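Engineer: Questions regarding the structure given below will be posed in turn.
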Amino acid sequence: MLSEALLQRLTATPLFAVALTLAAYLVAMALLKRLGRPPWLPAILLATVLLTGALVLTGMDYTAYQDGARWLTVLLGPATVALGMPLYQLLPRIRQLWRPLAVCLPVSAVMAIVYALGIAWLMGAPGEIIASLAAKSVTAPIAMGIAEQIGGNVSLLLGALLITGVAAIAFVSLVARLMGITDERLIGFALGVNGHALGTVRAFEIGSTAGAFASLGMSLTGIFTALLLPLAWQLLS
């Protein structure tokens, strides 16, 4: 482990936490390239494992790391908004499918909430945990606001977001292969609705069309959930 004096000097500036985060991601991308980019192993999951190991090896406290890398979290909002560009580029194709999309989205978004809350409730989870899982299929900037509004724990929510995104990538890829689905629009929309930002990243790896429809699914799911979930939560409470 690093000496306490050196560690204090390094953590005194956010640059160390930022550099550690970027280094973990770049190493993860290099490893995935060697592994052939398996769909069940997204870069963010591998980067998280590498980053956790780096924190353990350096002896850096997680709170200090979180404070240093906090500004990276602020960039989640602009990054999400930037996904509107591929939507604009494929707007004519999206307009052609607005009817089936309008039917599928509410059903998918409600199911994503209900099954998670139902499982947590059946297992006897306390209210804070249930509230933290409610927005697990929504992109992080929106989900964090929803969790705070309904009394959830943001740290627990972020863990649920990671698990949900990884699981969605694996299951959507598996189901598409088993059912012989090759339409990038369907695969991308499913990844965006169920896997939020992680699924959208995976969709862009498949193709620009899949990425655009994943952005659409992620955005609409976030809007739909942000508008209806807090109201439904108050009524049910």
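Engineer: Could you run the Karplus curve 6.51 cos²θ - 1.76 cosθ + 1.60 with θ = phi - 60° over region 155-166 and give me ³J(HN,Hα) per residue in whole Hz, x for Gly and Pro?
Structural biologist: 4, 5, 4, 4, x, 5, 4, 5, 5, 4, x, 5
Engineer: Rounded to the nearest 10 degrees, what's the angle between the helix 208-236 long axis and the longest principal axis of the chain, both from Cα atoms, 0 to 90?
Structural biologist: Tilt relative to the chain: about 90 degrees.
Engineer: Taking Cα pairs under 8 Å and at least six residues apart, what relative contact order does region 81-237 come out at, in percent?
Structural biologist: The normalised contact order for region 81-237 reaches 25 percent.
Engineer: Any idea which of GLY59, ALA212, LEU228 is furthest toward the positive side of the dipole for the chain, if Lys and Arg beta-carbons carry +1 and Asp and Glu beta-carbons -1?
Structural biologist: ALA212
Engineer: Something else now. Rolling a 1.4 angstrom probe over the protein heavy atoms, how many square angstrom per residue are accessible across region 136-212? Mind dumping the intermediate values first?
Structural biologist: Details: 3240 Å² over 77 residues.
Dividing the accessible area of region 136-212 by its residue count gives 42 Å².
Engineer: Taking all pairs of distinct Cα atoms, average 1/r, flip it, and tell me the Kirkwood hydrodynamic radius of region 1-155 in Å to one decimal place. If you can, show how the numbers build up before the last one.
Structural biologist: Details: mean 1/r = 0.0529 Å⁻¹.
Across region 1-155, the inverse of the average 1/r is 18.9 Å.
Engineer: Going by amide H atoms built from the backbone, whose H comes under 5 Å of the H on ASN153, apart from near neighbours?
Structural biologist: Amide H to amide H, under 5 Å and 5 or more residues apart or across chains, ASN153 pairs with SER132.
Engineer: Okay, next question. Taking H as built 1.01 Å from N, whose amide H comes closer than 5 Å to the amide H of LEU90, not counting residues under 5 places away?
Structural biologist: When sequence neighbours closer than 5 places are left aside, there are no close amide H contacts.
Engineer: What angle do you read, to the nearest 10 degrees and between 0 and 90, between the alpha-carbon axis of helix 140-150 and the longest principal axis of the chain?
Structural biologist: Here the helix axis deviates by roughly 90 degrees.
Engineer: Give the residue from TRP71, PRO92, LEU20 lying farthest towards the positive end of the charge dipole for the chain; charges sit on Cβ (+1 for Lys and Arg, -1 for Asp and Glu) and the dipole is referred to the Cα centre.
Structural biologist: Most positive-ward Cα: PRO92.
Engineer: To the nearest 10 degrees, how steep is helix 98-122 against the longest Cα principal axis of the chain, on a 0 to 90 scale?
Structural biologist: That helix lies at roughly 50 degrees to the long axis.
The values are calculated or read from the model by the stated rules, or taken from the named source; none is laboratory data. Only a predicted model underlies this, so the values are computations on that prediction, with no experimental measurement involved. So basically every Cβ, Gly included, is an ideal-geometry build from the backbone, and we count neighbours across all protein chains shown. Each accessible area value is taken on the protein alone, full model and side chains, heavy atoms only, with ligands, DNA and RNA left out. Shrake-Rupley method; radii C 1.70, N 1.55, O 1.52, S 1.80 Å.
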